[in-house]
Amino acid sequence: MNGGDQAAFPPWLQGRLGELVRLVGSGQTPPGLLVTGPKGVGKGVLIRAFLQRMACTEGAEGLFGCGRCNGCRSFLGGTHPEILQVTPEVPGKEILIDSIRAVIEFLSLSHGGPARMVFIEPAEVMNLNAANALLKTLEEPPGGAMLLLAAAQPARLPATIRSRCRLLSVPVPERAVVESWLRPLEHDALSADEALAACLDRPLEARALLDDEAAQAAWRSDRAALDTLLRSQSPFPVVQRFLECGLASLIPRLQRLLVSAHHYLVQGEADAFGRLFGTDLLRPFAARLGMRGTALLYQDSLQWQRELQAPLNPNLRCEDIVLRFWRHPMSS
């Protein structure tokens with residue numbers, strides 16, 4: 001995040017950023033740092049702000065990089081010689097051992113700054129061979145090396161890696177803080193509350209939605225499809241609506257609707273996502289599915305999500321998803 005974007009930096013991350021900057025300033029930099037927290041809470045934003053601060057040659061007294069110096073510009077351009085960022089070669093896939101071999105080679109080079117830093121995100125998608133290769137580096141880290149790992153599901157990492165990293169947790173921020181941060185971006189077409197609900201209470205994604213017309217169009221399409229599912233007595237109009245959506249965004253929102261239906265059955269009131277569609281629609285939908293139906297369909301939805309990358313016929317895929325809502329036994 002460059003110096004001009006400091007006002008957009010999530011306020012709930014500032015304390016954590018200060019911790020990291022002070023840690024480096026104390027000379028007690030750990031060879032491994034594991035940053036954990038739910039998806040969308042800002043782990044990557046935090047680490048990138050820290051890395052830019054470390055790259056900056058002008059902002060020695062503040063929390064943020066200046067955004068103007070050669071260090072900031074090379075970091076923002078992805079060309080800083082002492083910072084390496086590692087992500088899956090294909091989004092949603094594993095991080096393979098070749099990527100970790102590149103990390104090991106990178107860390108073996110001499111460095112001119114205080115540390116040579118590597119950022120791995122999401123760390124939990126490293127496959128077993130990659131994790132084992134990284135473990136050896138954590139056990140015997142090169143001098144001046146710092147590995148930063150971000151993980152929404154740290155339990156998927158080997159316990160040996162977790163035990164060799166210093167832990168920094170980023171909790172879910174208070175909703176009032178998030179809403180205050182989002183409110184300057186809301187407009188007539190989309191409120192901060194709706195953006196948060198649409199993005200499954202993930203603040204960073206909600207901010208991106210408020211600022212992106214294409215994402216807003218996708219949300220309107222998804223919302224119309226879910227509204228049709230709630231209203232329709234027949235699967236056929238629902239299939240047509242689903243075909244108009246991108247399943248990568250629709251399926252998580254469909255899962256969230258099932259959670260909302262379950263919540264209504266248990267609590268007798270709609271949650272934030274359910275209120276987007278109204279109790280008059282949510283109540284009969286939840287009653288028709290029942291506790292067992294919502295549970296079975298939610299399990300099905302996890303499989304639909306796993307199959308998103310599979311080369312399946314879109315029409316057949318949408319038909320199968322929608323027909324499950326009429327096929328499952330409906331009982332509480």
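The values are calculated or read from the model by the stated rules, or taken from the named source; none is laboratory data. What you see is a predicted model, and the numbers here were worked out from it, not measured in a lab. Backbone-built Cβ (ideal geometry, glycine too); neighbour counts: all protein chains shown. All accessible areas refer to the heavy atoms of the entire protein, side chains included, with ligands and DNA or RNA removed. Shrake-Rupley method; radii C 1.70, N 1.55, O 1.52, S 1.80 Å.
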Legend entry - segment 80-184 - Debye-derived log10 I(q)/I(0), Cα point model, q = 0.23 Å⁻¹: -1.24
Inset, instruction - Have a look at Asp222, Asp193, Asp280 and tell me which one the Gaussian network model of the chain (Cα, springs below 10 Å) gives the largest fluctuation. - result: Asp280
Legend entry - For segment 158-308, the spread of Cα positions along each principal axis, largest first, Å: 53, 42, 32
Inset, instruction - Report, ordered by chain and residue number, the aspartates and glutamates lying within cross-link reach of Lys43, taken as a straight Cα distance under 12 Å and ignoring same-chain residues fewer than 8 apart. - result: Glu121
Legend entry - Charge dipole (the chain, unit charges on Cβ, about Cα centre) - positive-most of Leu46, Ala295, Cys56: Ala295
Legend entry - Proportion of all alpha-carbon pairs of segment 32-111 beyond 20 Å (%): 45
Inset, instruction - Can you tell me the relative contact order of segment 15-64? Whole percent, Cα pairs under 8 Å, sequence separation 6 or more. - result: 45
Inset, instruction - Treating only the Cβ atoms of Lys and Arg (+1) and Asp and Glu (-1) as charged, compute the dipole magnitude of the chain about its Cα centre; round to the nearest 20 debye. - result: 620
Legend entry - Amide H contacts of Leu84 (H built 1.01 Å from N, under 5 Å, at least 5 apart or other chain): Met117, Val118, Phe119
Inset, instruction - Would you mind pulling out the separation of the Cα centroids of segment 175-224 and segment 25-81, in Å? - result: 27
Inset, instruction - Would you mind telling me the share, in percent, of accessible area of the chain contributed by carbon and sulfur at probe 1.4 angstrom? - result: 51
Legend entry - Alpha carbon convex hull of the chain, projected area averaged over orientations, nm²: 18.5
Inset, instruction - Obtain the nm distance between the two label points defined at Gln299 and Lys136 by a simple spin-label model: each point lies 7 Å from its Cα along the Cα-to-C-beta direction. - result: 4.2
Inset, instruction - State the answer as a single residue: which of Gly71, Leu196, Leu149 lies farthest towards the positive end of the charge dipole of the chain, with beta carbon charges of +1 for Lys and Arg and -1 for Asp and Glu, about the Cα centre. - result: Leu149
Inset, instruction - Please work out, to two decimal places, the log10 of the ratio I(q)/I(0) at q = 0.11, 0.28 Å⁻¹ from a Debye calculation in which every Cα of segment 149-220 carries one identical scatterer. - result: -0.39, -1.23
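Using R₀ = 51 Å, calculate the FRET efficiency as 1/(1 + (r/R₀)^6) where r is the Cβ-Cβ separation of Thr57 and Gln233; round to 0.05.
With a Förster radius of 51 Å, E is 0.20.
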Inset, instruction - For segment 208-332, give the magnitude of the charge dipole about the Cα centre (Cβ charges: +1 Lys/Arg, -1 Asp/Glu; no others), in debye to the nearest 20. - result: 420
Legend entry - CD proxy at 222 nm, helix term only [per DSSP H run n ≥ 4: -39500 (n - 2.57); per residue of the chain; nearest 500]: -16500 deg cm²/dmol
Inset, instruction - Give me the accessible area per residue for the chain, probe 1.4 Å, as a whole number in Å². - result: 49
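Please compute the volume of the convex hull spanned by the alpha-carbon atoms of segment 190-278 and report it per residue in Å³.
Convex hull of Cα atoms, per residue: 90 Å³.
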Inset, instruction - Mind listing the long-range amide H neighbours of Leu167? Cut-off is under 5 Å, sequence gap 5 or more, other chains count too, H placed in the peptide plane at 1.01 Å from N. - result: Leu34
Legend entry - Using a Förster distance of 45 Å, the FRET efficiency for Met291-Lys93 (Cβ separation, nearest 0.05): 0.80
Legend entry - Gain on full stretching of the segment that runs from Ser163 to Glu213 - 0.36 nm per residue minus C-alpha separation: 13.7 nm
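Assigning unit charges at the beta carbon (Lys, Arg +1; Asp, Glu -1) and nothing else, what dipole magnitude in debye, to the nearest 20, does segment 258-317 show about its Cα centre?
Taking the Cα centre of segment 258-317 as origin, the dipole is about 120 debye.
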